[in-house]
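See structure below.
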Amino acid sequence: MGGVTLVLAGDFRQTLPIVPRGTKANELEASIKDSHLWGHIMTLNLKTNMRAHLFGDSNSEIFARNLLRLGDGKVKQIEENQILLPFGKITNAPLELVLRIFRNLENNYRKKDWFSERAILAPKNDKVSSINSSLLTTIPGDEQTFRSIDTVEEDIAVDYHVEFLNSLNPPGMPPHLLRLKIGAPLYVACSRVGSHDNLHVLAKDGNTVNLVYPEALL
C-alpha cells in the first residue's frame, strides 16, 4: 500500500506543539521535524505576501517583513528571551489596552462588523475571563448568570467537592458562572492583523518574552 500524497500546511515560526510544563527542548522534540518521517517530506515555501501584492499595501509589506525577522530570530535580544518589538503600539496597562481596542463599546456592541475587526489575545484563560468580565460591565442591559451542573454520583461525591468542580475551567467549555447580556457577543471571529497600525501590544516599556524558536526553522 502506498502512493498516497499527503499535504501538510503550517508555519514553524508560530506556536509549536504545547507540552504541559515542558521546556523549549521538549517543544522542539514534539515538533514533526523531530520525527523520522521528516526526511521523507518535500517542503514548499510561500514567498509572496498576497495582501500586499493584490492591494499594493506598503504598510502590510513592512509589517510582514518585520514578522519574518521576528520569526527568524533576527530581532535583537535585550536580555535572555527578552526582545523589544519593532512594531505595534505599546501599552503598559491592561485597562488602557481594553479601552484602545474596544473604544465606545457601549455604543458599538451591536455592530457585527465593528466587533469582527477587534480582538484581544491572551495567553491564559483567567486573563480572558477577566477581560471579558470588565467589557461586559460596560454593555447596557440587565445581566443574567447561568450556573453549570455541579453534581456527581453519590458513591464518588466525597472525592469531588462542589467547590472543586466549580473551580475547573477546561479549554473549550464555558465557565461555571456564565454571565450574559442581551446583545453581547459570545464569540468573535477575526482575521490576522494586516498592519502594524492596527496592532496594540501589552508590554512594559515595549519589552516582551520571545516564544518564537528560530531553531525550529533549521
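The values are calculated or read from the model by the stated rules, or taken from the named source; none is laboratory data. Being a predicted model, the structure only gives us computed values, none of them experimental. Every residue, glycine as well, gets a Cβ built from its backbone with ideal geometry; the counts of neighbours run over all protein chains shown.
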Which one of these does GLY39 not meet: (1) outside any loop (DSSP other than H, G, I, E, B); (2) modelled with pLDDT under 85; (3) over 23 Å from the mean Cα position of the chain (by Cα)?
(2)
Of the residues that make up the range 96-107, is at least one farther than 30 Å from GLY141 by Cβ and either of a type in the set (Ser, Thr, Tyr) or surrounded by 17 or more Cβ atoms within 10 Å (Cβ to Cβ) (or both)?
no
Filtering the range 108-131 down to residues that are β-branched (Val, Ile, Thr) and assigned to a helix (DSSP H, G or I), which residue is surrounded by the most Cβ atoms within 10 Å (Cβ to Cβ)?
ILE131
With the structure loaded, tell me whether VAL212 is at pLDDT 70 or above, closer than 30 Å to LEU68 by Cα and not in a helix (DSSP H, G or I) or whether it fails that test.
no
Scan the range 109-116 and tell me whether some residue there is in contact with a Cys (Cβ under 7 Å, 6 or more places away or on another chain) and either within 26 Å of ILE62 (Cβ to Cβ) or among the hydrophobic types (A, V, I, L, M, F, W, C) (or both).
yes
The residue from LEU85, LEU165, LEU105, LEU121 that alone is modelled with pLDDT of 80 or more, at negative phi, among the hydrophobic types (A, V, I, L, M, F, W, C) and out of contact with any Cys (no Cβ under 7 Å at 6 or more places or on another chain) is LEU105
